[in-house]
1. Of all residues in segment 124-158 being among the hydrophobic types (A, V, I, L, M, F, W, C) and within 15 Å of Y109 (Cβ to Cβ), which is least open to solvent (accessible area, probe 1.4 Å)?
2. Can you spot a residue in segment 42-53 that is under 15 Å from the mean Cα position of the chain (by Cα), at negative phi and free of Cβ contacts under 8 Å to residues at least 24 places away in the same chain?
3. With the requirement that a residue be farther than 17 Å from Y103 by Cα, open to solvent by 40 Å² or more (accessible area, probe 1.4 Å) and of a type in the set (S, T, N, Q), what does segment 45-76 give you?
4. With respect to Y126, is the statement that it is hydroxyl-bearing (S, T, Y) and more than 19 Å from the chain's Cα centre (by Cα) true?
5. Can you tell me which residues in segment 164-179 are of a type in the set (S, T, Y) and farther than 13 Å from L111 by Cβ?
6. Would you mind telling me which numbered condition in (1) open to solvent by 100 Å² or more (accessible area, probe 1.4 Å); (2) in a loop (DSSP other than H, G, I, E, B); (3) within 25 Å of I175 (Cα to Cα) P100 fails?
7. Pick out the one residue from F91, F137 that is among the aromatic types (F, W, Y), in contact with a Leu (Cβ under 8 Å, 6 or more places away or on another chain) and more than 23 Å from G18 (Cα to Cα).
8. Condition first: closer than 14 Å to L97 by Cβ, in contact (Cβ under 8 Å) with a residue 24 or more places away in the chain and assigned to a loop (DSSP other than H, G, I, E, B). Can you find one or more residues in segment 15-22 that meet it?
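The values are calculated or read from the model by the stated rules, or taken from the named source; none is laboratory data. What you see is a predicted model; the values in this text were computed from it and never measured. Note that we place each Cβ from the backbone using ideal geometry, even for glycine, and neighbour counts take in every protein chain shown. These accessible areas exclude ligands, DNA and RNA; they are computed on the full protein's heavy atoms, side chains included. Shrake-Rupley method; radii C 1.70, N 1.55, O 1.52, S 1.80 Å.
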Amino acid sequence: FIGKPIIKDVIEFGCGTGWLTNTLCYYYKKDVKSIDFTQKAIETAKEVSYKLNLNPKYQLSDIFDYKDDSSYDLVISMGVLHHTKDCKEAFKKISTLVRPGGYLYVGLYHLYGRRPMLKLLQDYAYWHGENSAYNLFSYMNKSMDNKEHSYSWFRDQVIHPHETQHTLEEVSNWIDEIS
């Protein structure tokens, strides 16, 4: 990592139950601030942090309402922005927190990879019922052996309230706009 900046502080948007936050704190000894808009998720994340003797900073907030005068070496949002009311605006908002020379790491649903799979499973649910669609999902994801986790994942990935999908070209244009 010669010539690469050292990442000291991190902010994660959409931390959920703290999987990535706690991983960064535990294995990489990073200072992490984590934002989520679900109280139950924050409480669960805090419980895990406590059991691991970690001290990330959690804050309950919607991305669009979040205020912070700090900047960070690494700003992360994995699988979250495409569930907001305006993915592009959420992207712009969190990008303002990247310290010069820092990194922005974002995971979004890809239009051409996500849409066919989503349509298949949603159509299957429409015609054959949610349980049948879940059975197909389970068959396609045989490595998921915990049924409760698998069903939760299915509901999050297939029977969810809102998502958008994006192309690399589209996101590249967003980057050009903020640069």
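1. Looking at residues that are among the hydrophobic types (A, V, I, L, M, F, W, C) and within 15 Å of Y109 (Cβ to Cβ), I get V158.
2. No, segment 42-53 contains no residue that is under 15 Å from the mean Cα position of the chain (by Cα), at negative phi and free of Cβ contacts under 8 Å to residues at least 24 places away in the same chain.
3. If the condition is that a residue be farther than 17 Å from Y103 by Cα, open to solvent by 40 Å² or more (accessible area, probe 1.4 Å) and of a type in the set (S, T, N, Q), then N53, N55, Q59 are the ones that fit.
4. yes
5. Once the filter is applied, which keeps residues that are of a type in the set (S, T, Y) and farther than 13 Å from L111 by Cβ, segment 164-179 yields S172, S179.
6. (2)
7. The unique qualifying residue is F137.
8. Checked against the condition, which is being closer than 14 Å to L97 by Cβ, in contact (Cβ under 8 Å) with a residue 24 or more places away in the chain and assigned to a loop (DSSP other than H, G, I, E, B), segment 15-22 yields no hits at all.
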